[in-house]
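I have placed the structure first, in the form of structure tokens, so that the comments after it can refer back to it.
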Amino acid sequence: MSAQTLYDKLWNSHVVRQDADGTALIYIDRQLVHEVTSPQAFEGLRLAKRRPWRIASMLAVPDHNVPTINRAAGISDPVSRIQVETLDANCAEFGITEFKMGDIRQGVVHVMGPEQGATLPGMTVVCGDSHTSTHGAFGALAHGIGTSEVEHVMATQCLVAKKSKAMEVRVEGQLGYGVTAKDIALTVIGKMGTAGGTGYAIEFTGSTVRALSMEGRMTLCNMAIEAGARAGMIAADEVTFAYLEGRPFAPQGVMWEQAVSQWRHLHSDEGAVFDASLVLDAAEIHPQVTWGTSPEMVVSIEGCVPNPLDLSGEKREGAERALVYMGLTAGTPITKINIDKVFIGSCTNGRIEDMRAAAMVARGKKVAANVKLALVVPGSGLVKLQAEQEGLDQIFIQAGFEWRDPGCSMCLAMNDDKLAAGERCASTSNRNFEGRQGQGGRTHLVSPEMAAAAAIAGHFVDVSKQ
Amino acid sequence: MEKFSKINGLVAPLDRANVDTDAIIPKQFLKSIKRAGFGPNAFDEWRYLDHGEPGMDNSKREINPDFVLNQSRYQGSQVLLTRENFGCGSSREHAPWALADYGFRVIIAPSFADIFFNNCFKNGLLPIRLDADTVEILFKAEAANAGFKLDIDLEAQTITAPDGTVYSFDVDPFRKHCLLNGLDDIGLTLQHMDEISAFEAKHRAAQPWL
């Protein structure tokens, strides 16, 4: 048999049937469910008098709407409360395992799943959320789907799909001090553009990627969707196995050994051919800061806000519009941009390693006077607990950060955590779209280290020079 | 699902690239547990001057006269003409729900984000990819002719402009079949129930931890 990519292996092992035109039914091993994109799917099942095909494949958690403060009082926004209660009722009705708001295991769905060992190598994983690409970090085929597809997977355990093209993004060498997986992701998006990966599944390879922790790998795969690729993935290896061993949903004992021996084959074969490739030198990656309203509008911390006149056509119009929205002037050094708020958290950067990295920067310092709010929102109850056991919460609190309960929070501002119009935020989340963090809010995407350093300085600073 | 065969639709131009699904339907409207009623909040932050929240009476809100869809010549438009990477970002199906509820049946762009593109077909909305030069020709033709309509025929896979120019487009045969007949994917997939069960048995025997 000819050399296969990791994507080939994952795809081929899940094809139930395939038509001559390439339309296939793909078997889904795991469906993660949250409150925003599932109510209409459950309603569809009920109307058609259908039952979920395999209840054990589903795992649910409320995350987008949940408050990060005063949880004991419940959800004050009645519309948000109904949505979370609807998830609770649907899970109870169909017998689906759910980690409810009061559960220590509750958290952002893409933090919770891997943390529970519910995402395993070789699986197909779907969720009604575009950042499902995160789970590809485990050598899984994982991508976001719409609500009609959520219902389809519930009812049939399959997805109608066509195979994407495969792209390799290879990063070689050692990352510099203060440079993270987030900076790799933003650099890739800056080079490829937000549509560069459309129609592709991206596999991240190379020595730099191999050297990343699982947390870093998840950050990288999480952002694949911001490059337009529905799926990002990384071959399973010892780092993957070490992370998963002993987690609640992971196989145990003899079955663990059996699983690992199969998982060792989950990598692209020597000589496998990709449809496209991009190669990066880790030494050339610097801490990144977005300046505009699309993740591709990104520069190094050493750079300046670009001049739209240096661009042509639609890129120029887009940049001009973005600068107006962002309230920025071309040529301004990034380090001269003052911020009003800081958000550390999300499915991109809400894991324990992110908490540690931000805390290292904040230790013994104080949030700058011009920063009105610096939020740290752990990705799950278990991340929060571990951080507290390590004393990270005290470091943040003493520095003037707020230490909150887990959820999506200000990544998309469906709860009370949001920017007011004109407020500028250093955010570890994944999207800097207009209005994403609150109508009129201005988002700059950065790593946790860069966000913490900006909170302390009151403006962006180069953490690689500290 | 509503069937789609052919329309003669008024074209509205949205001349910007990378229109994301947060812009198409802002997050506060995602709290609804229903599929219907998102149309009045499509492009909410561009369309109105105030901040929209669920439950507001949208007819009483101040509209943004500068936003293209608010111009009188585009009222009743069914075809949205736009630029690269339309529908990028969040997977929210509320975006096609909002566009369909607004009244659009077709979106023409040089490229679409993958998840959004998929979601359209599940909701009787036809996304058409045309090359960037053709899209530019259509933008110019629309700008020069008030009341610019296009004949869009899914069966024939053609778009006919008022001057008689015919542009053909590609569409996946399976999706075309479903859209023409208003077919529900789930019912079609369940015709293969035995194959799915057989696959599942083998798959789980090989990987008993699943």
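Can you name every residue in the range A:20-45 that is charged (D, E, K, R), surrounded by fewer than 20 Cβ atoms within 10 Å (Cβ to Cβ) and either touching a helix residue (DSSP H, G or I) at 6+ places or on another chain (Cβ under 7 Å) or modelled with pLDDT under 95 (or both)?
Across the range A:20-45, the qualifying residue is only A:21.
I'd like to check something: does the range B:45-53 contain any residue that is assigned to a helix (DSSP H, G or I) and facing chain A (nearest Cβ under 10 Å)?
yes
Give just the number: which of (1) within 25 Å of residue A:201 (Cα to Cα); (2) part of a loop (DSSP other than H, G, I, E, B) does residue B:104 not satisfy?
Going through the list (1) within 25 Å of residue A:201 (Cα to Cα); (2) part of a loop (DSSP other than H, G, I, E, B), residue B:104 breaks only (1).
Just to be sure I understand, how many residues within the range A:301-326 are closer than 16 Å to residue A:193 by Cα and part of a loop (DSSP other than H, G, I, E, B)?
Residues that pass the stated criteria total 3.
If you check residue B:128 against the conditions, is it more than 12 Å from chain A (Cβ to nearest Cβ), out of contact with any Phe, Trp or Tyr (no Cβ under 6 Å at 6 or more places or on another chain) and not in a loop (DSSP other than H, G, I, E, B)?
Criteria not met by residue B:128.
Anything in the range A:423-447 that is within 13 Å of chain B (Cβ to nearest Cβ), farther than 22 Å from residue A:352 by Cα and part of a loop (DSSP other than H, G, I, E, B)? List them, or say none.
A:432, A:433, A:434, A:435, A:436, A:437, A:438, A:439, A:440, A:441
Only one residue in B:77, B:111, B:90 is within 17 Å of residue A:435 (Cβ to Cβ), modelled with pLDDT of 95 or more, under 15 Å from the mean Cα position of the chain (by Cα) and polar (S, T, N, Q), so which one is that?
None of the others qualify; the one that does is B:90.
Taking the range B:1-33 as the region of interest, how many residues are part of a loop (DSSP other than H, G, I, E, B) and under 18 Å from the mean Cα position of the chain (by Cα)?
Summing the residues that are part of a loop (DSSP other than H, G, I, E, B) and under 18 Å from the mean Cα position of the chain (by Cα) in the range B:1-33 gives 12.
Only residues that are in contact with a helix residue (DSSP H, G or I) (Cβ under 9 Å, 6 or more places away or on another chain) and surrounded by fewer than 16 Cβ atoms within 10 Å (Cβ to Cβ): list them for the range B:151-171, please.
Within the range B:151-171, B:155, B:157, B:162, B:163, B:165 qualify.
Name, by its number, the condition in (1) more than 10 Å from chain A (Cβ to nearest Cβ); (2) touching a strand residue (DSSP E or B) at 6+ places or on another chain (Cβ under 9 Å); (3) in contact (Cβ under 8 Å) with a residue 24 or more places away in the chain that does not hold for residue B:146.
(2)
Look at residue A:16 and say whether it is buried (at least 21 other Cβ atoms within 10 Å of the Cβ), in contact with a helix residue (DSSP H, G or I) (Cβ under 9 Å, 6 or more places away or on another chain) and either of a type in the set (Gly, Ala, Ser) or more than 8 Å from every other protein chain (Cβ to nearest Cβ) (or both).
For residue A:16, the condition - buried (at least 21 other Cβ atoms within 10 Å of the Cβ), in contact with a helix residue (DSSP H, G or I) (Cβ under 9 Å, 6 or more places away or on another chain) and either of a type in the set (Gly, Ala, Ser) or more than 8 Å from every other protein chain (Cβ to nearest Cβ) (or both) - is not met.
Any chance the range B:168-175 includes a residue that's in contact (Cβ under 8 Å) with a residue 24 or more places away in the chain and among the basic types (Lys, Arg)?
Yes, the conditions are met somewhere in the range B:168-175.
Got a number for residues in the range A:21-50 being in a strand (DSSP E or B) and either more than 24 Å from residue A:120 (Cβ to Cβ) or without any contact (Cβ under 8 Å) to a residue 12 or more places away in the chain (or both)?
Within the range A:21-50, residues that are in a strand (DSSP E or B) and either more than 24 Å from residue A:120 (Cβ to Cβ) or without any contact (Cβ under 8 Å) to a residue 12 or more places away in the chain (or both) number 0.
Can you tell which of A:456, A:397 is out of contact with any Gly (no Cβ under 8 Å at 6 or more places or on another chain), of a type in the set (A, V, I, L, M) and closer than 29 Å to residue A:99 by Cα?
A:397
When you check residue A:384 against the structure, is it in a helix (DSSP H, G or I) and basic (Lys, Arg), yes or no?
Yes: the conditions hold for residue A:384.
Right, residue A:371: part of a helix (DSSP H, G or I), modelled with pLDDT of 95 or more and surrounded by 16 or more Cβ atoms within 10 Å (Cβ to Cβ) or not?
Answer is no for this residue.
Criterion first (part of a loop (DSSP other than H, G, I, E, B), on the phi < 0 side of the Ramachandran plot, of a type outside the set (S, T, N, Q) and within 12 Å of chain B (Cβ to nearest Cβ)) does residue A:296 satisfy it?
Yes: the conditions hold for residue A:296.
Restricting to the range A:86-105, give me the number of residues that are assigned to a helix (DSSP H, G or I) and either within 12 Å of another protein chain (Cβ to nearest Cβ) or crowded, with 21+ Cβ neighbours inside 10 Å (or both).
Total satisfying the criteria: 5.
Which count do you get for residues in the range B:187-204 that are within 8 Å of chain A (Cβ to nearest Cβ) and over 23 Å from residue A:148 (Cβ atoms)?
Counting residues in the range B:187-204 that are within 8 Å of chain A (Cβ to nearest Cβ) and over 23 Å from residue A:148 (Cβ atoms) gives 1.
Starting from the range B:58-79, take each residue that is part of a loop (DSSP other than H, G, I, E, B) and list its partners that are among the hydroxyl-bearing types (Ser, Thr, Tyr), counting only C-beta distances under 7 angstrom and pairs at least six apart or across chains.
B:61/B:48; B:62/B:48; B:64/B:48
Please work out if residue A:215 is touching a Lys or Arg at 6+ places or on another chain (Cβ under 6 Å) and surrounded by 15 or more Cβ atoms within 10 Å (Cβ to Cβ).
yes
Have a look at A:272, A:236 and point out the one that is crowded, with 22+ Cβ neighbours inside 10 Å, within 21 Å of residue A:165 (Cα to Cα) and either more than 13 Å from chain B (Cβ to nearest Cβ) or under 18 Å from the mean Cα position of the chain (by Cα) (or both).
On inspection, the qualifying residue turns out to be A:236.
Which of the residues belonging to the range A:54-85 are facing chain B (nearest Cβ under 9 Å), in a loop (DSSP other than H, G, I, E, B) and either polar (S, T, N, Q) or buried (at least 22 other Cβ atoms within 10 Å of the Cβ) (or both)?
A:64, A:65
Regarding residue A:207, is this residue at the interface with chain B (Cβ under 9 Å from one of its Cβ atoms) and either farther than 30 Å from residue B:195 by Cα or not hydrophobic (A, V, I, L, M, F, W, C) (or both)?
So residue A:207 fails the test.
The values are calculated or read from the model by the stated rules, or taken from the named source; none is laboratory data. Remember, it's a predicted structure, so these values are computed and weren't measured experimentally. Quick reminder, even Gly has a Cβ in these numbers, built from the backbone with ideal geometry, and neighbours come from all protein chains shown.
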